[in-house]
Amino acid sequence: MIKKLISVEQQEGGSTIMAKPTTKSELILAGDKQFTKFWEILDSMSEQGRDIEFHFGSDAGKEAHWQRDKNVRDVFVHLYEWHELLLNWAGANRGGDEQSFLPEPYNWRTYGDMNVEFWKKHQDTSYDQARKMLKDSHEKVIKLIEVFSDDELFSRGRFSWVGGSTLGQYCTSVTSSHYDWAIKKLKAYMKIL
């Protein structure tokens, strides 16, 4: 299952710039490092630049997100919603309610439709609301990661609901790898500005 999630990241334009975490401390460090880098890039933009609609022109890739995300707020809510996927999935399964990572009716072939629904859901969400939601959800994800041991995060087969992957791989995908995707998107936008 996680191979599909990694493939999703690659399709979304993300890549891991540091070694994949293999311990809880590395996982938290990687997530916090990329999250901080994301905010540093964002804070270097003018207030006007943060509000302007994205226009990538020839820099746009073929992936759907280049057309879907129209501004910084859209990037915030995309990251927030993927945090929520992880938090809800882990919470339900830890509570004995076995669920898939992607909610029905979505699967790894239709996750793009889910991302569009996330985008639609937040068209009335303000920039400030989205910013707060993302910061809060990042903290919740880090707190969730802290609950688990290295073995629980990185041993295959530790949890039946994780499938053939590890919980740590899902956490990496939703944090540092997804932040890397967002950083690349912001950098591409800043080149045009």
Accessible surface of region 136-193 [probe 1.4 Å, protein heavy atoms]: carbon and sulfur percent:
49
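Can you tally the net charge around A92? Count Lys and Arg as +1, Asp and Glu as -1, for every other residue whose Cβ sits under 15 Å from the Cβ of A92. Mind showing how you got there, number by number?
Working: positive: R94, K140; negative: E84, D97, E98, E104.
Its environment carries a net charge of -2.
What accessible area per residue comes out for region 144-193, rounded to a whole number of Å², with a 1.4 Å probe? Write down the numbers at each step before the final one.
Numbers: 1860 Å² over 50 residues.
Accessible area per residue, region 144-193: 37 Å².
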In debye, nearest 20, what is the charge dipole magnitude of region 132-184 about its Cα centre with +1 on Lys and Arg Cβ and -1 on Asp and Glu Cβ, if you could check?
220
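Once you charge only the Cβ atoms, +1 for Lys and Arg and -1 for Asp and Glu, what is the size of the charge dipole of region 89-132 about its Cα centre, to the nearest 20 debye?
About 180 debye.
Give me the percent of the accessible area of region 89-131 that comes from carbon and sulfur atoms, probe 1.4 Å, all protein chains in place.
Details: 1170 of 2670 Å².
Whole-percent figure for carbon plus sulfur exposure: 44.
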Relative packing of 76-87, 134-145, which averages over residues the other C-beta atoms within 10 Å, highest first
76-87, 134-145
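Which order do the peptides 104-114, 180-190 take when ranked by the mean count of other beta-carbon atoms within 10 Å per residue, highest first?
On the way: 104-114: 13.0, 180-190: 19.8.
Going by the mean number of other Cβ atoms within 10 Å, highest first, we get 180-190, 104-114.
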What does the charge count near P105 come to, summing +1 for each Lys or Arg and -1 for each Asp or Glu among other residues with Cβ under 12 Å from its Cβ?
-2
Work through the residues other than I145 whose Cβ is under 12 Å from its Cβ and net out their charges, Lys, Arg +1 and Asp, Glu -1.
-3
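The values are calculated or read from the model by the stated rules, or taken from the named source; none is laboratory data. This one's a predicted model, so the numbers in the text were calculated from it and none came from an experiment. Please note: Cβ atoms are built from the backbone with ideal geometry, for glycine as well, and neighbour counts cover all protein chains shown. Just so you know, the surface numbers come from the protein's heavy atoms only, side chains and all, with ligands and any DNA or RNA stripped out. Shrake-Rupley method; radii C 1.70, N 1.55, O 1.52, S 1.80 Å.
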